[in-house]
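K.L.:
One structure coming up, written as structure tokens, with questions to follow.
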Amino acid sequence: QVPLVESGGGLVQAGGSLRLSCAASGRTFVNYAIGWFRQAPGKEREFVAGINFSGAGTNYADSVKGRFTISKNDAKKTVDLQMNNLQTEDTAVYYCNRDLNFGRLQSGAMDNWGKGTLVTVSS
């Protein structure tokens, strides 16, 4: 499978916002659950947020609940992650990936990871 393509990262001050996008093919966009993950320096990659194939179901890591929102953009065939009230601990490389099983998505046990997009939050 071709890795998904992440974009939208950058440098932002604490309390600021960023919107990340994950571009998927039409087939992937329609059939797969898609999730956002992140890996901070020196840490393991962790699940951030996921959305099921229809867009009706979402879940979030406790650390981002109430601040991050995942959504599907049907016109652009992207899965976006709106990140508000960013904190320094949100600094990481953010990745997206897919799974046919929404319940399994959170495990992050997938292959074919892309390059990710770097989010840096300054204090």
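The values are calculated or read from the model by the stated rules, or taken from the named source; none is laboratory data. Treat the numbers as computed from the prediction; the structure is a model and nothing was measured. With ideal geometry, Cβ positions are generated from the backbone for all residues, glycine too; neighbour counts draw on all protein chains shown. Please note that ligands, DNA and RNA were not included when accessible areas were found on the heavy atoms of the full protein model with its side chains. Shrake-Rupley method; radii C 1.70, N 1.55, O 1.52, S 1.80 Å.
K.L.:
Sum up the lysine pairs in the chain that clear both bars: alpha-carbon distance under 22 Å and a spacing of 8 or more or different chains.
P.N.:
5
K.L.:
Using the per-residue mean of other Cβ atoms lying within 10 Å as a proxy for protection, in what order, highest first, do the peptides 73-81, 105-113 fall?
P.N.:
Details: 73-81: 17.1, 105-113: 14.6.
Descending packing order for the listed peptides: 73-81, 105-113.
K.L.:
Still on this structure, I have one more. Of all GluC sites (Glu not before Pro) in region 37-123, which ones are in loop regions per DSSP and have a Cβ with at most 11 other Cβ atoms within 10 Å?
P.N.:
On the way: sites: 44, 46, 89; in loops: 44.
Loop-located and lightly packed - 44.
K.L.:
Next question, about the same structure. Per the 1.4 Å probe, what fraction of the accessible area of region 19-113, in percent, lies on carbon and sulfur atoms?
P.N.:
Answer for region 19-113: carbon and sulfur cover 45 percent of the accessible area.
K.L.:
Ok, one more. Taking θ as phi - 60°, what are the ³J(HN,Hα) couplings along region 69-75 by the Karplus curve (6.51, -1.76, 1.60), each to the nearest whole Hz, with x for Gly and Pro?
P.N.:
The phi angles translate into 9, 9, 8, 10, 10, 5, 5 Hz.
K.L.:
Could I have the simple spin-label model distance between residue 31 and residue 69, label points 7 Å from Cα toward Cβ, reported in nm to one decimal?
P.N.:
About 3.1 nm separates the two model spin labels.
K.L.:
In square angstrom, what is the accessible area per residue of the chain with a 1.4 angstrom probe?
P.N.:
Accessible area per residue: 52 Å².
K.L.:
Sticking with this one: Work out from phi, with θ = phi - 60° and the Karplus expression 6.51 cos²θ - 1.76 cosθ + 1.60, the ³J(HN,Hα) of each residue of region 3-14, listed in order in whole Hz, and give x for Gly and Pro.
P.N.:
x, 6, 10, 9, 7, x, x, x, 9, 9, 7, 4
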